[in-house]
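The values are calculated or read from the model by the stated rules, or taken from the named source; none is laboratory data. Because the structure is predicted, anything quoted here is derived from the model rather than measured. A quick note on method: Cβ atoms are made from the backbone with ideal geometry, for glycine too, and the neighbour counts reach across all protein chains shown.
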Amino acid sequence: MRLVQRLLLGVVFVIAILVALLAAFSGAQLTQELEQFEVGQLTHEARFVATQWTPAVNASALAHTAGAALGHRVTLIGPDGKVLGDSEFEGDALAALQNHAGRPEVIQAMRGEVGVSRRTSPSIGDQRLYVAVRAAPGVARVSVNTPALDAVVARARRDVFASGFIALVVAIGLAFVFARSVSRPIVELRDVARALAAGDLSRRPALAAPAEIGDLADAVHRMAEQLQLRLSALQADDALMAALIDALQEGVAAVGANRQVVILNSPARRLLAIGDPVPFSADLLPRDTELRAALSSALAGEATEPAEITLGGRTVMLTARPLRDGGALLAFFDLTRTRRLEAVRRDFVANVSHELKTPITVIGGFAETLATDEPPPEQRRQFVEAIRSNARRMQRLVDDLLDLSRIEFGGWVPKPERIDLRAVASETVAAFAPVAQSRQVSLGSQVDARAAELTADATALRQVLANLVDNALRHTPSGGKVTIFTEPANDGALVLAVKDTGIGIPVEHLPRIFERFYRVDAARSREGGGTGLGLAIVKHLVEAHGGRVSAESAPGRGTTVRVLFPASAVTAS
């Protein structure tokens with residue numbers, strides 16, 4: 001809506017409200033004053049009738065005579081409330097009137113006061129104003145019809161509204177002229193201000209306006225000049241600051257005194273999982289107790305010591321510092337990788353130490369016995385065999401650790417070549433046949449004759465199958481069965497799997513069986529000679545070929561480990 005229209009509507013609205021208030025106020029005042037005047041008149045008339053009413057005077061005749069002379073209804077009421085005379089009724093109609101002892105004005109008059117009441121008459125049915133006074137034989141009451149008073153007030157209100165309408169028309173004309181003279185320079189300044197806000201700093205106000213509006217136009221002109229200079233400097237500073245903040249490895253969030261986040265760099269967005277553009281309310285920050293406490297302390301002017309908190313499963317070092325303007329600066333440093341590496345290092349040292357402790361103890365004990373005692377030849381051979389067995393166990397552990405380290409840290413790179421899966425599976429079955437026979441476990445291969453050939457590292461593939469078959473044999477009791485098989489997958493991929501009918505794995509352990517040194521049953525695995533690294537090596541070898549490994553198992557129902565090779569490694573045979 002244009003300024004001229006708003007000014008005109010404002011004038012119309014104000015005048016209309018004033019006229020309505022004036023009409024309402026004047027009507028209420030006029031009604032009150034008329035009623036007070038009428039009460040005064042009726043009081044004089046009632047007192048006059050009361051002086052004329054004596055016990056010797058006929059009440060009905062006096063009521064009719066006085067009513068005709070005064071032009072108002074006159075009612076004479078006995079002390080018991082019975083109507084003795086009424087200018088509007090006579091004879092049987094008079095006798096049929098209700099007892100007036102309970103009328104408010106009669107009750108007041110009987111107490112010696114001037115009784116006044118405004119209500120609907122039960123006998124006549126119109127709205128009336130009653131005034132009653134005490135007389136010697138009873139109560140004299142005079143009443144008047146109130147619609148006559150309301151008509152006077154209504155005429156006065158119509159006069160007020162007519163005057164207000166005339167004033168409104170005149171005011172609209174004057175307001176239109178005034179609004180036009182004011183709005184023209186303001187519109188010009190508005191257009192210039194909009195252009196400046198939109199970035200067009202070349203616009204300047206060209207209208208020469210009088211008085212304050214002219215001063216405003218000159219101020220806008222100077223403001224545009226200064227704005228152009230300062231905006232250029234601020235843009236350069238903001239670009240430099242934004243680049244520096246985003247280049248930080250730490251997450252940075254600046255919160256104003258009004259609890260609005262005004263700065264949030266990319267690392268902080270990732271850690272806090274926030275994509276909203278700044279500024280936004282600090283209530284959108286994660287609802288972490290320590291984070292909220294640190295923010296509140298910084299906003300109160302107190303710096304906090306660095307503290308580790310957890311945000312979205314990540315370990316973060318949080319530091320909060322107050323700003324001079326009453327805001328706060330939050331710094332987030334992601335410690336997740338550091339803590340994970342520390343945990344891996346601790347677990348690695350603990351696991352390796354635990355794995356080496358038993359064979360070293362056995363070797364040391366038997367070697368000391370052989371060095372200090374002279375056991376029988378048969379017992380000597382047992383000791384030597386135990387030393388040899390535990391030495392081989394330590395050798396396997398060291399070899400597996402070296403293999404895993406070489407794979408994880410890029411020291412090993414696959415050398416792809418075309419491989420016949422049936423041939424590799426047959427070689428694996430033949431290599432483990434003696435072990436399977438000694439444990440009375442059936443070992444076989446069901447690689448589909450139509451299975452595709454793989455383009456993969458031959459040594460790595462053999463090691464994958466060897467580790468899976470060795471793991472399956474160690475966890476399958478006598479009479480069980482271990483099978484190597486293949487099955488097609490989506491998008492041309494191929495699945496190579498090893499299935500056993502062994503003891504199975506509880507479902508809660510399945511997500512962790514490919515971790516280093518993780519064992520579902522540690523005692524049973526060590527008794528079987530496992531190092532706890534076989535499945536971890538399998539996982540890294542398969543992922544180096546772009547594939548993935550998964551396991552499916554249930555206690556007492558065996559385990560199936562599937563290795564998926566992508567379609568890029570599959571060649572149709």
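Data for the structure
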read-out: Near pairs, Cβ below 7 angstrom, 6+ apart or cross-chain, from region 253-267 (in contact (Cβ under 8 Å) with a residue 40 or more places away in the chain) to any residue that is buried (at least 19 other Cβ atoms within 10 Å of the Cβ) and part of a loop (DSSP other than H, G, I, E, B); value: A254/G327; V255/G327; G256/G327; A257/G327
read-out: Residues that are surrounded by fewer than 15 Cβ atoms within 10 Å (Cβ to Cβ) and in a loop (DSSP other than H, G, I, E, B), drawn from region 497-520; value: P506
read-out: Verdict on D457 being touching a residue at least 40 places away in the same chain (Cβ under 8 Å), over 19 Å from E552 (Cα atoms) and not hydroxyl-bearing (S, T, Y); value: yes
read-out: Helices (runs of 4 or more DSSP H) within region 3-99 that include 3 or more residues modelled with pLDDT under 85; value: 3-52, 92-95
read-out: Residue within region 151-162 that is among the hydrophobic types (A, V, I, L, M, F, W, C) and modelled with pLDDT of 75 or more present; value: yes
read-out: Filter pass, P205 being closer than 30 Å to I186 by Cα, surrounded by 14 or more Cβ atoms within 10 Å (Cβ to Cβ) and not small (G, A, S); value: yes
read-out: Residue that is outside the structural domain of L533 (by TED's automatic domain parsing), exposed (fewer than 12 other Cβ atoms within 10 Å of the Cβ), at pLDDT 80 or above and not hydrophobic (A, V, I, L, M, F, W, C), where the choices are R287, R314, R345; value: R287
read-out: Residues (hydroxyl-bearing (S, T, Y) and either surrounded by 20 or more Cβ atoms within 10 Å (Cβ to Cβ) or without any contact (Cβ under 8 Å) to a residue 24 or more places away in the chain (or both)) located in region 460-482; value: T476
read-out: Index of the failed condition, I484 passing every other in (1) within 20 Å of A536 (Cα to Cα); (2) modelled with pLDDT under 90; (3) touching a strand residue (DSSP E or B) at 6+ places or on another chain (Cβ under 6 Å); value: (2)
read-out: Residues (buried (at least 16 other Cβ atoms within 10 Å of the Cβ) and in a helix (DSSP H, G or I)) located in region 270-284; value: L271, L272, A282
read-out: Qualifying residue in region 561-568 (condition: touching an Asp or Glu at 6+ places or on another chain (Cβ under 6 Å) and modelled with pLDDT under 85); value: yes
read-out: Where a residue in region 548-567 is assigned by TED's automatic domain parsing to the domain that holds N471 and its partner, wherever it lies, is among the aromatic types (F, W, Y), with Cβ under 8 Å and at least six apart; value: V549/F514; A551/F514
read-out: Residue in region 219-228 that is among the basic types (K, R) and either in contact with a Lys or Arg (Cβ under 7 Å, 6 or more places away or on another chain) or at pLDDT below 70 (or both) present; value: no
read-out: Test: residue in region 139-149 that is assigned to a helix (DSSP H, G or I) and either closer than 30 Å to A56 by Cβ or at pLDDT 80 or above (or both); value: no
read-out: First in region 101-119 and in contact (Cβ under 8 Å) with a residue 12 or more places away in the chain and in a helix (DSSP H, G or I), second anywhere and buried (at least 19 other Cβ atoms within 10 Å of the Cβ) and among the hydroxyl-bearing types (S, T, Y), Cβ under 6 Å, 6 or more apart; value: E105/Y130
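The rows are residues; the columns are (1) outside any strand (DSSP E or B); (2) closer than 20 Å to A551 by Cα.
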site: Q440; (1), (2): yes, no
site: D448; (1), (2): yes, no
site: T455; (1), (2): no, no
site: R462; (1), (2): yes, yes
site: V469; (1), (2): yes, yes
site: L473; (1), (2): yes, yes
site: V482; (1), (2): no, yes
site: D491; (1), (2): yes, no
site: V495; (1), (2): no, yes
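Here's the yes/no breakdown for (1) at pLDDT 75 or above; (2) on the phi < 0 side of the Ramachandran plot; (3) in contact with a Lys or Arg (Cβ under 8 Å, 6 or more places away or on another chain):
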position	(1), (2), (3)
I166	yes, yes, no
L207	no, yes, yes
E212	no, yes, no
D238	no, yes, no
